[in-house]
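Please read the structure below before turning to the comments.
The values are calculated or read from the model by the stated rules, or taken from the named source; none is laboratory data. None of the values given here were measured: they were computed from a predicted structure. When we count neighbours, we look across all protein chains shown, and the Cβ atoms used for this are built from the backbone with ideal geometry, even at glycine.
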Amino acid sequence: MSPANKYRIEETELEAVLTGTFGPPPASDIEAWHNRYPAAMGWLDPGRYRAAAMRRRRERRILTVAAATAVAACVWLGIDFPRSIFRGHSGSAIAETVAQIQRAKTMTWTTHFYEHVTSKDGKSTWFDTEIWEQAFKAPGFTRQVKFDDKGRVTQVEITDQIHGRGLTYYPPQKKATLREITPMASYGPPFGCGYYAKRLEAQDLQWIAKRKTPSGDVNIFRDAFRDQDNQRDWSVDFWIDAKTKQLVAVYQPGADIYDPENDPARGVPVGKGRSTWNVMGGGHTDIRYDVPLDDSLFSLQPPAGYTVEHQVAPHLTEHDTLEYLRIFAQFNDGTFPDKAFPHENLVKLNAALKKPSQQLSPIEKKYIDLFQHYFARNIMPLGFFLGPDLVENSFRYLGKGVKLGQKDRIVCWYKLKAAKDPSMYRVVYGDLSVKDVPAKDLPLPVGGRD
């Protein structure tokens, strides 16, 4: 019997555990929620998870894991998910946990990346952990502090998402970077985004066990599923405090796939040099709510005595986006992506990343380099490429099934704020030509989207 099935319990028994843990399930109004958030569950932003992004320097193949980790931890969207999104018995009962997250004015937690590191001679592989202490403060401040293996601070990153500003500084080098970022109209607490909400509403959510921790008893629930992007079995473990009913830890994958506490590599001595880093899994632990946080922790003033670099917000031109579309379509056997955002197109990318470098075709190499370039800059090329120049909500993607070169098929359209004629949209076709088209001539209505 598999570990997952070993702890599976009957639906009625699970409902009793859930009700005792979270209270009675709230009422559902699925249709109303879908009308309000038609695309929320599919809209994730892997680019904002900077800790995962840093790993591309170490090994190109690790992007497969980094992208999956980023999707798993889309803690930066802050979408307001009401209780009614949760379908079924287990989902309804667990909705209160997400509601508590949404109500939090501050949160703190620790993020762990569990890694296997291989020596330069390839003869030994040992266990390592990358640790980030993180904090959120309403309305849109975040703070991330990275530590080395001796517990020393190596990097601090602070962002003001509402006003589009960020500061990163490196104590060992006494260097700092002040940067512009794309501002967000609203920014809610982390962990309230679509990915974990979707996983928590799983119809086959399993109660695994009750465990004693230094802060009290927790109930562990698991969502096991098939990760289609990487073609593997996957899971997420949620640790819920037995008294407060709050989410206090999340691990991905769950312990049925990878258990950092019992990793055999923990006992292997550290070897000489490092050739590769492979992320085995990750966790958000010690999640705390409404913790008093001083405003000074989120100051965007560089420390005294640091060398300061200034960076403007990433800005892609129309030419950049057309070039991305062309290269992706060539990489995708001459067809444009089914969906606009890169994380929706990981299957083929991951297959290429698993190949030895010498076996990659020229177009595979070109697209991997391009994807990593944008991933490193926290940019999704489609829909966000013009940044402040784009009329909000004017972008529409229709590229599914369109072949590169089809001049009569629309790939996407958008409106520019500086357009001389406000009725005109920029329309991109399959041959990557661009035309100005009035809203009345578009094949779908755009009223209410501008």
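Structure above, values below:
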read-out	value
From the options 236, 250, residue that is out of contact with any Lys or Arg (no Cβ under 7 Å at 6 or more places or on another chain), of a type in the set (Val, Ile, Thr), surrounded by 16 or more Cβ atoms within 10 Å (Cβ to Cβ) and not in a loop (DSSP other than H, G, I, E, B)	250
Residue 270 outside any helix (DSSP H, G or I), surrounded by 17 or more Cβ atoms within 10 Å (Cβ to Cβ), touching a residue at least 40 places away in the same chain (Cβ under 8 Å) and in the same structural domain as residue 124 (by TED's automatic domain parsing)	no
Where a residue in segment 204-232 is under 30 Å from residue 349 (Cβ atoms) and surrounded by 12 or more Cβ atoms within 10 Å (Cβ to Cβ) and its partner, wherever it lies, is among the β-branched types (Val, Ile, Thr) and modelled with pLDDT of 90 or more, with Cβ under 8 Å and at least six apart	222/208; 222/236; 223/236
Number of positions in segment 289-312 that are buried (at least 17 other Cβ atoms within 10 Å of the Cβ) and of a type in the set (A, V, I, L, M, F, W, C)	2
Criterion: among the acidic types (Asp, Glu) and in contact with a Phe, Trp or Tyr (Cβ under 7 Å, 6 or more places away or on another chain) - qualifying residue of 294, 320, 369	320
Leading residue by the ranking (farthest from the chain's Cα centre (by Cα)) among those in segment 298-336 that are among the β-branched types (Val, Ile, Thr) and part of a strand (DSSP E or B)	307
Test for residue 347: is it over 30 Å from residue 180 (Cα atoms) and either at pLDDT 85 or above or of a type outside the set (A, V, I, L, M) (or both)	no
Cβ pairs under 9 Å, 6+ apart, first in segment 352-369 and more than 15 Å from residue 329 (Cβ to Cβ) and of a type in the set (S, T, N, Q), second at pLDDT 90 or above and part of a helix (DSSP H, G or I)	357/365
When residues of segment 417-442 are limited to those that are in contact (Cβ under 8 Å) with a residue 24 or more places away in the chain, out of contact with any Phe, Trp or Tyr (no Cβ under 9 Å at 6 or more places or on another chain) and not small (Gly, Ala, Ser), the one farthest from residue 322 (Cα to Cα)	417
Qualifying residue in segment 111-130 (condition: at positive phi and either buried (at least 17 other Cβ atoms within 10 Å of the Cβ) or not in a strand (DSSP E or B) (or both))	yes
Residues located in segment 131-178, provided they are touching a strand residue (DSSP E or B) at 6+ places or on another chain (Cβ under 6 Å), surrounded by fewer than 19 Cβ atoms within 10 Å (Cβ to Cβ) and of a type in the set (Lys, Arg)	175
